[in-house]
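The values are calculated or read from the model by the stated rules, or taken from the named source; none is laboratory data. Predicted model only: the values in this text are computed from it and were never measured. Here the Cβ is made from the backbone with ideal geometry for all residues, glycine too, and neighbour counts use every protein chain on show.
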Amino acid sequence: MTMPTLPAVDASDDEWHAFSAQRCDELIPYLAEFILDRFNYKARYVQQRLWRSFGTVSAFTRQYDLYFRMFLKSQEFWPRECLVLARIGFKQQRVGHGRALVELLVDLAPKFGYRYLAVECANANASAFAERLGFTPYENRRHWIGSVTAIQKALDRQTG
(Lines give C-alpha, C1' and ligand atoms only; values in the text may rest on other atoms or scores of the structure.)
Protein backbone atom coordinates (compact mmCIF):
# COMPACT_ATOMS: atom_id res chain seq x y z
CA MET A 1 0.00 0.00 0.00
CA THR A 2 1.31 3.42 -0.85
CA MET A 3 0.51 6.26 1.46
CA PRO A 4 -1.46 9.08 -0.16
CA THR A 5 0.29 12.40 -0.43
CA LEU A 6 -0.93 14.49 2.46
CA PRO A 7 -1.73 18.13 1.78
CA ALA A 8 0.98 20.54 2.88
CA VAL A 9 0.85 21.51 6.54
CA ASP A 10 -0.01 25.07 5.52
CA ALA A 11 -2.57 23.98 2.89
CA SER A 12 -5.97 25.61 3.10
CA ASP A 13 -8.73 24.14 5.21
CA ASP A 14 -10.61 23.47 1.95
CA GLU A 15 -7.75 21.25 0.68
CA TRP A 16 -7.63 19.34 3.96
CA HIS A 17 -11.41 19.04 4.00
CA ALA A 18 -11.43 17.57 0.47
CA PHE A 19 -8.62 15.17 1.41
CA SER A 20 -10.50 14.10 4.55
CA ALA A 21 -13.78 13.60 2.69
CA GLN A 22 -12.05 11.42 0.08
CA ARG A 23 -10.35 9.27 2.75
CA CYS A 24 -13.68 8.88 4.58
CA ASP A 25 -15.37 7.73 1.36
CA GLU A 26 -12.57 5.20 0.87
CA LEU A 27 -12.87 3.96 4.47
CA ILE A 28 -16.56 3.05 4.19
CA PRO A 29 -16.12 -0.20 2.20
CA TYR A 30 -13.51 -1.44 4.70
CA LEU A 31 -15.82 -0.72 7.62
CA ALA A 32 -18.72 -2.37 5.81
CA GLU A 33 -16.62 -5.50 5.29
CA PHE A 34 -15.55 -5.45 8.96
CA ILE A 35 -19.18 -5.18 10.10
CA LEU A 36 -20.35 -7.92 7.73
CA ASP A 37 -17.58 -10.22 8.96
CA ARG A 38 -18.34 -9.61 12.65
CA PHE A 39 -22.13 -9.33 12.71
CA ASN A 40 -24.98 -11.21 11.11
CA TYR A 41 -26.38 -8.43 8.90
CA LYS A 42 -27.20 -8.26 5.20
CA ALA A 43 -24.94 -6.02 3.09
CA ARG A 44 -27.79 -3.67 2.16
CA TYR A 45 -28.71 -3.16 5.82
CA VAL A 46 -25.10 -2.33 6.70
CA GLN A 47 -24.81 0.12 3.79
CA GLN A 48 -27.96 1.94 4.93
CA ARG A 49 -26.46 2.45 8.39
CA LEU A 50 -22.96 3.49 7.32
CA TRP A 51 -22.46 7.04 6.10
CA ARG A 52 -20.03 9.92 5.68
CA SER A 53 -20.65 13.54 6.58
CA PHE A 54 -17.81 16.00 5.97
CA GLY A 55 -14.72 14.44 7.60
CA THR A 56 -16.60 11.83 9.61
CA VAL A 57 -17.78 8.26 9.16
CA SER A 58 -20.62 6.85 11.26
CA ALA A 59 -22.15 3.40 11.62
CA PHE A 60 -24.97 2.57 13.98
CA THR A 61 -27.24 -0.39 14.77
CA ARG A 62 -28.32 -2.13 17.97
CA GLN A 63 -25.07 -4.14 17.84
CA TYR A 64 -22.55 -1.30 17.36
CA ASP A 65 -22.11 2.47 17.46
CA LEU A 66 -19.05 3.80 15.63
CA TYR A 67 -18.09 7.37 14.85
CA PHE A 68 -14.73 8.41 13.39
CA ARG A 69 -13.19 11.75 12.43
CA MET A 70 -10.18 12.04 10.14
CA PHE A 71 -7.63 14.78 9.42
CA LEU A 72 -9.04 17.48 11.69
CA LYS A 73 -8.30 21.18 11.46
CA SER A 74 -4.83 22.05 12.70
CA GLN A 75 -6.16 24.12 15.61
CA GLU A 76 -8.22 21.17 16.88
CA PHE A 77 -7.30 19.07 19.90
CA TRP A 78 -5.55 16.23 18.00
CA PRO A 79 -2.70 16.20 15.46
CA ARG A 80 -3.78 16.71 11.86
CA GLU A 81 -2.70 13.21 10.71
CA CYS A 82 -5.06 11.52 13.15
CA LEU A 83 -8.06 9.20 12.98
CA VAL A 84 -10.19 9.88 16.07
CA LEU A 85 -12.40 7.14 17.46
CA ALA A 86 -14.97 9.57 18.81
CA ARG A 87 -17.41 6.74 19.59
CA ILE A 88 -16.66 3.06 19.66
CA GLY A 89 -19.29 0.88 21.25
CA PHE A 90 -20.40 -2.70 20.88
CA LYS A 91 -23.40 -4.35 22.53
CA GLN A 92 -21.32 -7.47 23.15
CA GLN A 93 -18.22 -6.46 25.05
CA ARG A 94 -14.96 -8.31 25.61
CA VAL A 95 -15.41 -10.56 22.57
CA GLY A 96 -12.73 -8.93 20.39
CA HIS A 97 -14.74 -6.48 18.29
CA GLY A 98 -12.78 -3.43 19.48
CA ARG A 99 -9.41 -5.07 19.10
CA ALA A 100 -10.29 -6.33 15.61
CA LEU A 101 -11.39 -2.82 14.64
CA VAL A 102 -8.15 -1.27 15.92
CA GLU A 103 -6.14 -3.94 14.07
CA LEU A 104 -8.00 -3.03 10.88
CA LEU A 105 -7.37 0.69 11.41
CA VAL A 106 -3.66 0.08 12.06
CA ASP A 107 -3.44 -2.04 8.89
CA LEU A 108 -5.17 0.69 6.86
CA ALA A 109 -3.03 3.57 8.16
CA PRO A 110 -0.45 3.43 5.33
CA LYS A 111 -3.21 3.49 2.71
CA PHE A 112 -5.03 6.44 4.28
CA GLY A 113 -2.14 8.51 5.62
CA TYR A 114 -3.04 8.92 9.29
CA ARG A 115 -0.18 8.44 11.73
CA TYR A 116 -2.13 8.50 14.99
CA LEU A 117 -5.24 6.93 16.45
CA ALA A 118 -7.06 8.66 19.27
CA VAL A 119 -9.85 7.66 21.65
CA GLU A 120 -11.93 10.62 22.71
CA CYS A 121 -13.87 11.07 25.97
CA ALA A 122 -13.10 7.57 27.20
CA ASN A 123 -15.06 5.93 30.01
CA ALA A 124 -13.35 3.44 32.35
CA ASN A 125 -13.77 0.51 29.93
CA ALA A 126 -12.50 2.49 26.94
CA SER A 127 -9.55 3.77 28.98
CA ALA A 128 -8.54 0.23 29.97
CA PHE A 129 -8.93 -0.86 26.34
CA ALA A 130 -6.78 2.04 25.09
CA GLU A 131 -4.10 1.41 27.68
CA ARG A 132 -3.86 -2.29 26.74
CA LEU A 133 -3.43 -1.32 23.09
CA GLY A 134 -0.53 1.07 23.59
CA PHE A 135 -2.33 4.42 23.66
CA THR A 136 -0.99 7.19 25.90
CA PRO A 137 -3.36 9.05 28.24
CA TYR A 138 -4.04 12.72 27.81
CA GLU A 139 -5.99 15.06 30.09
CA ASN A 140 -6.14 12.84 33.17
CA ARG A 141 -6.99 9.66 31.18
CA ARG A 142 -10.04 11.28 29.59
CA HIS A 143 -8.54 11.08 26.11
CA TRP A 144 -5.95 8.70 24.64
CA ILE A 145 -3.62 8.94 21.67
CA GLY A 146 -1.13 6.55 20.12
CA SER A 147 1.07 6.49 17.10
CA VAL A 148 0.14 3.75 14.67
CA THR A 149 3.64 2.31 15.23
CA ALA A 150 3.24 2.14 19.04
CA ILE A 151 -0.21 0.56 18.75
CA GLN A 152 1.10 -2.03 16.27
CA LYS A 153 3.91 -2.92 18.70
CA ALA A 154 1.41 -3.36 21.55
CA LEU A 155 -0.78 -5.56 19.34
CA ASP A 156 2.26 -7.64 18.32
CA ARG A 157 3.32 -8.11 21.97
CA GLN A 158 -0.12 -9.38 22.88
CA THR A 159 -0.25 -11.93 20.06
CA GLY A 160 3.42 -12.93 20.11
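Quick look at the values:
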| item | result |
| --- | --- |
| Count - residues of the stretch 64-81 that are surrounded by fewer than 19 Cβ atoms within 10 Å (Cβ to Cβ) and either in a strand (DSSP E or B) or modelled with pLDDT of 95 or more (or both) | 2 |
| Qualifying residues in the stretch 6-44 (those that are loosely packed, with under 14 Cβ neighbours inside 10 Å and touching a residue at least 24 places away in the same chain (Cβ under 8 Å)) - the one farthest from Lys73 (Cα to Cα) | Asp25 |
| Number of the condition not met by Ala86 [criteria: (1) farther than 17 Å from Thr5 by Cα; (2) modelled with pLDDT under 95; (3) part of a helix (DSSP H, G or I)] | (3) |
| Filter result (small (Gly, Ala, Ser) and crowded, with 19+ Cβ neighbours inside 10 Å) within the stretch 114-146 | Ala118, Ala122, Ala126, Ala130, Gly134, Gly146 |
| Hits in the stretch 116-140 (condition: part of a loop (DSSP other than H, G, I, E, B), under 23 Å from Lys73 (Cα atoms) and modelled with pLDDT under 95) | Glu120, Cys121, Ala122, Glu139 |
| Close pairs from the stretch 92-104: first closer than 18 Å to Phe135 by Cβ, partner buried (at least 20 other Cβ atoms within 10 Å of the Cβ) and not small (Gly, Ala, Ser), Cβ under 6 Å, at least 6 apart | Gly98/Phe129; Val102/Leu133; Leu104/Phe34 |
| Any hit, the stretch 137-155, residues being in contact with a His (Cβ under 8 Å, 6 or more places away or on another chain) and under 28 Å from Asn40 (Cα atoms) | no |
| Restricting the stretch 89-115 to residues that are assigned to a helix (DSSP H, G or I) and basic (Lys, Arg), the residue that is farthest from Leu72 (Cα to Cα) | Arg99 |
| Any hit, the stretch 45-56, residues being surrounded by 18 or more Cβ atoms within 10 Å (Cβ to Cβ), aliphatic (A, V, I, L, M) and out of contact with any Lys or Arg (no Cβ under 7 Å at 6 or more places or on another chain) | yes |
| Failed item in (1) over 18 Å from the mean Cα position of the chain (by Cα); (2) aromatic (Phe, Trp, Tyr); (3) over 24 Å from Ala100 (Cα atoms), with Phe39 passing the rest | (3) |
| Contacts under 7 angstrom Cβ, first residue in the stretch 126-140 being farther than 11 Å from Leu85 by Cβ, partner among the aromatic types (Phe, Trp, Tyr) and modelled with pLDDT under 90, 6 or more apart | none |
